[in-house]
Each structure stands twice: as structure tokens, then as C-alpha cells.
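The values are calculated or read from the model by the stated rules, or taken from the named source; none is laboratory data. A quick note: this is a predicted structure, and the numbers were derived from the prediction, not measured. Counting neighbours? That spans all protein chains shown, and the Cβs are built from the backbone with ideal geometry, glycine included. Surface areas here come from the heavy atoms of the whole protein model, side chains and all, with no ligands, DNA or RNA. Shrake-Rupley method; radii C 1.70, N 1.55, O 1.52, S 1.80 Å.
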Amino acid sequence: MEQDRNLDIILKCENVSKKFQTKHRTKEVIGNINLEVRKNEFVVLFGPGQCGKTTMLNILSGLEKTTTGKVFLNDREVVEPGPDRGVVFQSISLYPWLTVMGNVEYGPKVRGINKKVRKEKAEYYIELVGLKGFENSYPNQISGGMKQRVGIARAYCNEPDVLFMDEPFSALDAQTRYLMQEEIMRIWEKEKRTVIFVTNNIEEALYLADRIILFTNCPTQIKKEYVIDLPRPRDYTSDDFLKLREEITENMAHTL
Amino acid sequence: MKKSDKKGIFLSVLSVIAFLGIWYLCTKVLKLVPENTLPDPVKVFSTFVDKFTNPNPDGGTLLQHMGASLQVALTGYIMAIVIGIPLGILMAWNKYVDRFVRPIFDLIKPIPGVAWIPLMIVIFGIGLQSKAAVVFFSAVVPCILNSYTGIRQTKEVHLWVARTFGGTRNQMLFKIAIPTALPYIMTGTRIALGAAWVAIVAAELLGSTRGLGFMIQQARGIYRTDIIIVGMLAIGICGAFLTAVLGIIERIVVKGRKSND
Ligand SMILES: Nc1ncnc2c1ncn2[C@@H]1O[C@H](COP(=O)(O)OP(=O)(O)OP(=O)(O)O)[C@@H](O)[C@H]1O
Ligand SMILES: [Mg+2]
């Protein structure tokens, strides 16, 4: 097990902090965060609501600038968003005027990849997320769960080194959410990528993660890290699962 | 065809028949009003048919007048679209353009299109130019306003997506902001069309030598109520026709959304 893990560090975050300057006051959202992520690792950022998870993710993806500290991807400093990073956003972010196909092939298209190649790619990822047959549907013709699948396919289709997912399932009903958790694991095992996944749902975190980073309240810091080496696919009701769940929930309660 | 559809069509037909029936009853049967104040529907229909070939008393057939009105209205309307839509988009997209254009636009915006008629007649006379200008001023305001509002609806997360894919600012305008705005822009062109049609008829009523408004005005002078009504019908038919054409264009252009959601 230890041997087939690739130990290369792909993403590194050094002394990152973030303050937002509004008219009357400054709000310190991120305290001081150091983090290293290995290639093909599935890392879950887990923390209470409004603690700064989205802000952290935006800093990692380059959408937001740090106040102090630096982020490195493949040893290059992150200063702006780029195609080596893919993001699945918290809110539905599909372009309503494009079909499923149009949305998924959008990234390669912006990068100027020729039509035939990008269509093939898009078709592959559309099939991977289980939406074959819906290529020509518009977003308003498909369900919420399907929309997030398109969002995932769109991020994958650009073939980024790191995928950021910001509570992608938070708007879904419980049933669909379980299903999507299984799906994302299936996809990740088939198409290995480094994934940084944000959630405030402990079951989701435990089901998915190689490693859980527990965040404190605002200004957020890393409270504790848990390496989760339960075998996959994980059973929500196994003793180990429940034990970890209790431990982390307990620890989180103290942060509140 | 569904049963409820059939019922709906039946009701619509019934309402038209009832309207014509009551009109006929009041004029031809009960003679509540003298014939030259309000002619009966049969008379109006025969005048309508006759006017297709008869240039009297105003010097033009119905189709010639229609053609004249449409020509002027479309000239002004197309100018309004070609200038108004890009201007509205630029104002919403670029703060400096907005600052520069805004004071003049805010001043012009509340002036009703028809208030331009006297000035335009003085400047351009009563030919095509003055009326096209009046139509332009009426139609350009909704074009600008709706394009502006539409661009402003662009969602931040949509721009983020583009940025994560490495899109340039121009790509964001053409691939995101304008597609976002399209339904609003189409609504703007529809409002503008209504405004243009109102303006052209008003302009022709006040000063003109051709056109449906002119035809009505001439008929009023010699008390030909039947021709007045024929003119009004023609105005309605042209307006409905243009709106329908625009509806088809809208359905082709705006995909994946209702035009006003
Ligand atoms: N651009 C901004 N300007 C000012 N304050 C901001 C900005 N973005 C976020 N904040 C503040 O930072 C804090 C953290 O926000 P963030 O969205 O990162 O939290 P979150 O953990 O993702 O929350 P949620 O659980 O609701 O997704 C919030 O209090 C928010 O008001
Ligand atoms: Mg968030």
C-alpha cells in the first residue's frame, strides 16, 4: 500500500493568510495555513459553515489572492487561475445557453484544441459521469444531480493536474448525494487526479477522503489532520467508520 | 389536438363573431349611429378590399401606404438596433463608456419619441429622414436599456469558470456576457418595435405625404370613417406581423432559456 502511493508533492501552501478589506473593517478569514498535497491524493477540507473553506479553495485555484504566503503547484507559484486547475463550484455554474456537450468542451475550446479531439474528449467524460445520451440537452432540461455531473465532466475534460470541488453535492437531496459520492469515487479511481474536496458533511468526508483536514472557525486554521486508510468502497455503518466519525465530530464540536 | 385547445379556439372564434355581430346589430339593424359616423362591418370589409386597388381619395393604394410606413419604420428601427445594442453592451461592460454616455442618455431617456416630431420636421422636413429619426429616438432607448440590463445579469461564477479555463476578457464578453444578455436584448428589440410602430404612425398623422397615418388623416378630413378603420386595421396587422417575425428570430437565437427568465 505504502509503495504504490506516489509521494510527489504536487500542491504546496506556505503560511497562507487572507484578510478581506471592506469599507469599515478588515475581516481575517484565514489565519495561517501550511499544507502539502501529494499527487493523486483525495484531500477533504472539512470545517464548520462560513469558516473560510471557499476562500481557501479560491486561493488554491488562483481566483483569490493571498494576503500573506504563497501557493505552489508543481513548484510554480500560483498567481492567477489556469487550465492546470479545474474547479467544480458550490453553486450551479453551467452556461444555460450551451448544451451539455457545449459546456463540457468549453475548457478545451478556450485553449484552442481542435474540434475533433475536444469532441472525443468531451464524449469520453460525458460517458464517464453517466450522461451518455444527454449531450444535446440544455441545463434547464436536466436535474440538479445531472447538472453537477456535467460540472464534474467539464472540470475533468480540461485534464487539469488538480481538481477543486467546493461542496458540489450540498444542493442535492440525501439520496442523490449518496449516489454522487459513490460516483465521484468511481470516477476518481478510473481517472486518477489530485482532488481537493470541500464539505461540511462528516459522512461525505469520511467516505471520500485519503486525508481529512479539519478547519477551525474563522479566522480558520488547521486544527487537525486525519489520514483515513479504511478500505474502499467504504461502509457507512462499519465500526471503524463510526468510530472515526465520532472522534472527528467530537473534535469539531470543541472548535465551535 | 388536445380537447382544451379545441375549446380555446372555439372561444376565440366566438368572441370575434360576437364582436362583429354586435357591431353589425348596432349599425345596420338598429341604426344607433349614422352610417358615416360608424360604418357597418360589411362596408368596412368592402372598402378594405377596394383599397387594395383604389388610390382614391388619398393618392395611394393600401399596399403603397403600408410599404411607405414599413420602409420608414424599419429604417429607423434598424438604425436603433445597430447603434443601441452595442452601445448598451459597451456601457455595461466598460465603466468609462458608461460615464461618458450616461449624462446624455439619462437626459434623452424620459423624452417620449413623439416629442421629437416637431423638431425633426423643422430640421429634416416631412420626408423619410425626419420620420426615421423620430422612430430611431423612440426605439433606441429600449435597445440600450435592455442590453445594459442584460449584460449586468452576468453571473460572477460564470466569469470564474471562464477564468479557470484561461479565458481572456474579450472571450468573457463574447462567450459569456453577451449570451447571458441575449434574452434581455431580444426583449428590448420587441419593446423597441412596438415603440417604433407607435412613433411612425404618430409622425405620419402630424406631417406626411404617404403612409398609413397619412391615409387616415386624409380620410378624417373628408369624413371617410370606413377608410379610417381600414387604416387602423392595416396598422394592427402590420404590427402583429412584425412581432411574429421577431418571435421566430427570438426562438432561433435564444436557446436553453425562456426569453425572459
Ligand atoms: N469577497 C469577500 N469580501 C468580504 N468578506 C468575504 C468575502 N468572501 C468571503 N468573505 C467572508 O469570509 C468568510 C468565509 O467565507 P467562505 O465563503 O470562504 O466560507 P465557507 O466556509 O465557504 O462558507 P460556507 O460553508 O457557507 O460555504 C465569511 O464570513 C464571508 O462573509
Ligand atoms: Mg463555501
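For segment A:152-184, name all the residues that are within 16 Å of ligand 1 (Cβ to nearest atom) and touching a strand residue (DSSP E or B) at 6+ places or on another chain (Cβ under 6 Å). If the condition is that a residue be within 16 Å of ligand 1 (Cβ to nearest atom) and touching a strand residue (DSSP E or B) at 6+ places or on another chain (Cβ under 6 Å), then A:PHE164, A:MET165, A:ASP166, A:GLU167, A:PRO168 are the ones that fit.
Considering only segment A:74-86, state which residues are within 8 Å of chain B (Cβ to nearest Cβ), buried (at least 21 other Cβ atoms within 10 Å of the Cβ) and not charged (D, E, K, R).
Passing the criteria: A:PRO81, A:GLY86.
One residue is enough: does segment A:166-174 have a residue meeting the conditions away from ligand 2 (no atom under 16 Å from the Cβ) and more than 14 Å from chain B (Cβ to nearest Cβ)? Yes; the residues of segment A:166-174 include at least one that is away from ligand 2 (no atom under 16 Å from the Cβ) and more than 14 Å from chain B (Cβ to nearest Cβ).
Please determine, by comparing only the residues of segment A:87-103 that are more than 7 Å from chain B (Cβ to nearest Cβ) and closer than 12 Å to B:TRP160 by Cβ, which one is surrounded by the most Cβ atoms within 10 Å (Cβ to Cβ). Selected residue: A:VAL88. Of all residue pairs spaced 6 or more apart or on separate chains, those with beta-carbon atoms under 7 Å, a first member in segment A:40-56 that is touching a residue at least 40 places away in the same chain (Cβ under 8 Å) and within 14 Å of chain B (Cβ to nearest Cβ) and a second member that is within 8 Å of ligand 2 (Cβ to nearest atom) and not β-branched (Val, Ile, Thr) are A:THR54/A:GLN90; A:THR54/A:ASP166. From the list A:PHE72, A:PHE20, A:PHE46, the one residue that fits, being in contact with a strand residue (DSSP E or B) (Cβ under 8 Å, 6 or more places away or on another chain) and under 17 Å from A:LEU214 (Cβ atoms), is A:PHE46.
From the list B:ARG210, B:ARG220, the lone residue that is charged (D, E, K, R), away from chain A (no Cβ under 14 Å) and free of Cβ contacts under 8 Å to residues at least 40 places away in the same chain is B:ARG220. Determine whether segment B:31-40 contains at least one residue that is at positive phi and basic (Lys, Arg). Yes, there is a match, as at least one residue in segment B:31-40 is at positive phi and basic (Lys, Arg). Could you go through segment A:65-72 and let me know if any residue there is surrounded by 22 or more Cβ atoms within 10 Å (Cβ to Cβ) and within 13 Å of ligand 1 (Cβ to nearest atom). No, that holds for no residue. Of the helices (runs of 4 or more DSSP H) entirely within segment B:72-191, those holding at least 1 residues that are of a type outside the set (Gly, Ala, Ser) and within 24 Å of the chain's Cα centre (by Cα) occupy B:95-108, B:117-124, B:128-152. For segment B:141-170, filtered to residues that are under 30 Å from B:ILE104 (Cα atoms) and hydrophobic (A, V, I, L, M, F, W, C), the residue that is nearest to the other protein chains (Cβ to nearest Cβ) is B:ILE151.
Selection of segment A:186-221 for residues being more than 15 Å from ligand 2 (Cβ to nearest atom) and open to solvent by 50 Å² or more (accessible area, probe 1.4 Å) yields A:ARG186, A:GLU189, A:LYS190, A:LYS192, A:PRO219, A:GLN221.
Only one entry of B:ARG210, B:ARG224, B:ARG190, B:ARG220 meets the criterion of being among the charged types (D, E, K, R) and closer than 30 Å to B:SER147 by Cβ, and that entry is B:ARG190. Of the residues making up segment A:104-119, those that are of a type outside the set (D, E, K, R) and facing chain B (nearest Cβ under 7 Å) are A:TYR106, A:GLY107, A:VAL110.
Could you tell me whether segment A:6-18 includes any residue that is within 16 Å of ligand 1 (Cβ to nearest atom) and either part of a loop (DSSP other than H, G, I, E, B) or touching a residue at least 60 places away in the same chain (Cβ under 8 Å) (or both)? Yes, the conditions are met somewhere in segment A:6-18.
When you check A:SER17 against the structure, is it of a type in the set (Ser, Thr, Tyr) and buried (at least 20 other Cβ atoms within 10 Å of the Cβ), yes or no? No. Restrict the check to segment B:177-188 and report whether at least one residue is under 30 Å from B:ILE89 (Cα atoms), away from every other protein chain (no Cβ under 14 Å) and in contact (Cβ under 8 Å) with a residue 40 or more places away in the chain. Within segment B:177-188, one or more residues are under 30 Å from B:ILE89 (Cα atoms), away from every other protein chain (no Cβ under 14 Å) and in contact (Cβ under 8 Å) with a residue 40 or more places away in the chain. Residues that are within 16 Å of ligand 1 (Cβ to nearest atom) and part of a strand (DSSP E or B) were ranked within segment A:199-247; the one that is farthest from the other protein chains (Cβ to nearest Cβ) is A:LYS223. The listed residues are B:ILE117, B:ILE108, B:ILE78, and the only one of them that is open to solvent by less than 80 Å² (accessible area, probe 1.4 Å) and more than 20 Å from B:GLY207 (Cβ to Cβ) turns out to be B:ILE108. For segment A:62-92, a residue qualifies if it is of a type in the set (Gly, Ala, Ser) and either more than 13 Å from ligand 2 (Cβ to nearest atom) or more than 18 Å from A:ILE196 (Cα to Cα) (or both), and the qualifying residues are A:GLY62, A:GLY69, A:GLY82, A:GLY86.
So that you can scan it fast, the table gives a plain yes or no per residue for (1) modelled with pLDDT under 95; (2) under 18 Å from A:THR220 (Cβ atoms); (3) among the aliphatic types (A, V, I, L, M):
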position	(1), (2), (3)
A:THR26	yes, yes, no
A:GLY49	yes, yes, no
A:SER61	yes, yes, no
A:VAL79	yes, no, yes
A:VAL87	yes, no, yes
A:ILE92	yes, no, yes
A:MET101	no, no, yes
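The rows are residues; the columns are (1) open to solvent by less than 40 Å² (accessible area, probe 1.4 Å); (2) out of contact with any Leu (no Cβ under 6 Å at 6 or more places or on another chain); (3) of a type outside the set (Val, Ile, Thr).
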| position | (1), (2), (3) |
| --- | --- |
| B:ARG169 | no, yes, yes |
| B:ALA177 | yes, yes, yes |
| B:THR180 | yes, yes, no |
| B:ILE185 | yes, yes, no |
| B:ILE227 | yes, yes, no |
| B:ALA240 | no, yes, yes |
| B:THR243 | no, yes, no |
| B:ILE249 | no, yes, no |
